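The values are calculated or read from the model by the stated rules, or taken from the named source; none is laboratory data. As the structure is a prediction and not an experimental result, all values here were calculated from the model. Here the Cβ positions follow ideal geometry from the backbone for every residue, glycine too, while neighbour counts run over all protein chains shown. Please note that ligands, DNA and RNA were not included when accessible areas were found on the heavy atoms of the full protein model with its side chains. Shrake-Rupley method; radii C 1.70, N 1.55, O 1.52, S 1.80 Å.
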Amino acid sequence: MSASAFLSDVRLVIQSMLLIAFYGMSVFYAYQKKKKRCRWEPLYIAAVGGFVNTLTLIAGEMEPLSFYVEGVPKKAPWLRYASWMMTCPVLLVQLNNLAGQDVQNLERAATFILELNLMVILGATSAFSKDSTSLVFFMLSWVVCFAIFIQAWGVFKEAFATLPPKAKPFLYGMMFSFYFGWTGFGVLFAAGPEGWGPAKGTVIHELVVIATIVVDFTAKIVYGFIGWHLRWRVLRGDDGKVHRGDKAGPEGGKQGQLRGRVSTTGGRAAPPPLSRNVLLCASHDDYVAVVLRTKLAGNSLQVTVCSTTAAMADVLSKEGDSYAFAIVSLPMLRFCNGDIAQHPKLSARSPTKMLPLVTYTQHINDADFAFIRQLEIDDFIDAPFFDEDISETVQNAMSYARQLRLQLASTSEVHLSLP
């Protein structure tokens, strides 16, 4: 038996194994979706992957699944590009929403899909043409692919900053499977007969096909399963609810619930109008602050950023009345030993307190929680920084700010108590 014939048999075995894997994962995701522990995306990708690989095994070399273009000596793999158009947009939708939130960045998702469509069109044009024309379209498709890679890196960077530390190993796994898979497809295109590789039936061609199967397995099955595990085992429990046990702290505090309580008696003075301005204090290299600023803007808030607590104190003294509440990163609070929390317009013990004070960090441990309680911070946020958590914190902070303004506008006795 020749080497190419042996590799052909190996390829058929591996293709059959890939087919079993796709259908097996389809059954798994269907069961998980029935239990409400899975969205439609991984199920769709597994099912389409199984269907496409079935067609490849049965009739992959028949028209119209692959065909010759007049004047071009290589056979164009139409089915491959059709499968990419069916599955890759959904893979990018998953990437766009790594944490599986109910609301995702639609503008970024649309950009991903537009870039993907352009990349596949350019790649298909390269496969359907020859010589320098093929090379030009191939290089153009790589330019667009790099644009997707850069945008994907922004998504992963945001996830590393905003998801809890226990999510990091799974994010690394998704990064590897994404970049390895998508880079592998482009490299193997060039090494295959649709690019500049040897004709079908040769040893190199069989090795390229086997490598393509491995890349397909990594980019779809491995990537999809790690993503599912991240969303439904690391970030959520069996009931589908987000894990929040590490947010409670030893005193039973809860994210999104302000600890300050204001009670008023007597007068009924109306509070002055409350602005939609927020004061945020964070260091220049704090990427969580970048994400948080975007999410606050999504709640129709205008965010002013200070890079030092001294600058924040100066702003509070001069124009504190023009802000609804303040947010300071926990590292900044520790750096200043909590001094900013004692500002007359922020301190819970000050009769002129008018701004609720919120802090944030990626992960709050017992020592952090004790520090927050000591400073009498009104609220805190930690990972995952889901949109609904930010919105709830904003609503509570605005409500508490109105009570504080009512306190200052009233001439009656006001009692401020903290648990």
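R0 = 35 Å: FRET efficiency of residue 318 with residue 395, Cβ-based, nearest 0.05?
Numbers: r = 28 Å, r/R0 = 0.79.
Here the calculated transfer efficiency is 0.80.
Taking R0 as 22 Å, what's the FRET efficiency between residue 276 and residue 107 from their Cβ-Cβ distance, rounded to 0.05? Provide the component values of the computation, followed by the final result.
Working: r = 22 Å, r/R0 = 0.99.
Taking R0 as 22 Å, the efficiency between residue 276 and residue 107 is 0.50.
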Burial order of peptide ranges 9-21, 78-90, 150-162 (average beta-carbon count within 10 Å, highest first): 78-90, 150-162, 9-21
Taking only the alpha-carbon positions of the chain as identical scatterers, the Debye log10 I(q)/I(0) at q = 0.10 Å⁻¹ comes out as -0.77
Cα-based radius of gyration of the range 111-164 once divided by 2.2 N^0.38 Å, which approximates compact folds: 1.45
Name the long-range amide H neighbours of residue 359: under 5 Å, sequence gap of 5 or more, or other chain; modelled H, no Pro or chain starts. 328, 379, 380, 381
Indicate the helices, whole DSSP H runs only, in the chain that combine a mean Kyte-Doolittle hydropathy of 0.5 or more with a Cα extent along their long axis of 30 angstrom or more. 3-34, 106-127, 131-162, 168-191
Multiply the residue separation of residue 349 and residue 58 by 0.36 nm, subtract the distance between their alpha-carbon atoms, and state the gained length in nm to one decimal. 97.2 nm
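Which order do you get for 130, 295 if you rank them by accessible area with a 1.4 Å probe, largest at the top? Before the final figure, lay out the partial values.
Numbers: 130 90, 295 35 Å².
From most exposed to least exposed: 130, 295.
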Taking the convex hull of the alpha carbon atoms in the range 21-99, what volume per residue do you get, in Å³? 96 Å³
Counting only DSSP beta bridges with both residues in the chain, tell me the antiparallel percent, nearest 5. 30 percent
The percentage of the accessible area of the range 1-150 (probe 1.4 Å, all protein chains present) made up of carbon and sulfur atoms, to the nearest whole number, is 71 percent
Extension gain residue 168-residue 51, at 0.36 nm per residue separation less the Cα-Cα distance, in nm? 38.8 nm
Just the accessible area for residue 61, please: 1.4 Å probe, Å², rounded to the nearest 10? 100 Å²
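Could you work out [θ]222 nm for the chain from helices alone, using -39500 (n - 2.57) per DSSP H run of at least four and dividing by all its residues? Round to the nearest 500 deg cm²/dmol.
Numbers: 13 runs with 231 residues, N = 419.
After summing the helix terms and dividing by residue count, I get -18500 deg cm²/dmol.
Under a 1.4 Å probe, what is the accessible area of the chain per residue, stated in Å²?
Numbers: 19410 Å² over 419 residues.
Here the residues of the chain average 46 Å² of exposed surface.
Could you calculate the FRET efficiency of residue 285 with residue 339 from 1/(1 + (r/R0)^6), where r is the beta carbon distance between them and R0 is 25 Å, rounded to 0.05? Numbers along the way, then the final one.
Values: r = 22 Å, r/R0 = 0.86.
Efficiency, from the Cβ-Cβ distance: 0.70.
Using a 10 Å cut-off on Cβ atoms, rank the peptides 43-55, 328-340 from the highest mean neighbour count down. Before the final figure, lay out each step's value.
Numbers: 43-55: 19.9, 328-340: 18.4.
Peptide ranking by packing, descending: 43-55, 328-340.
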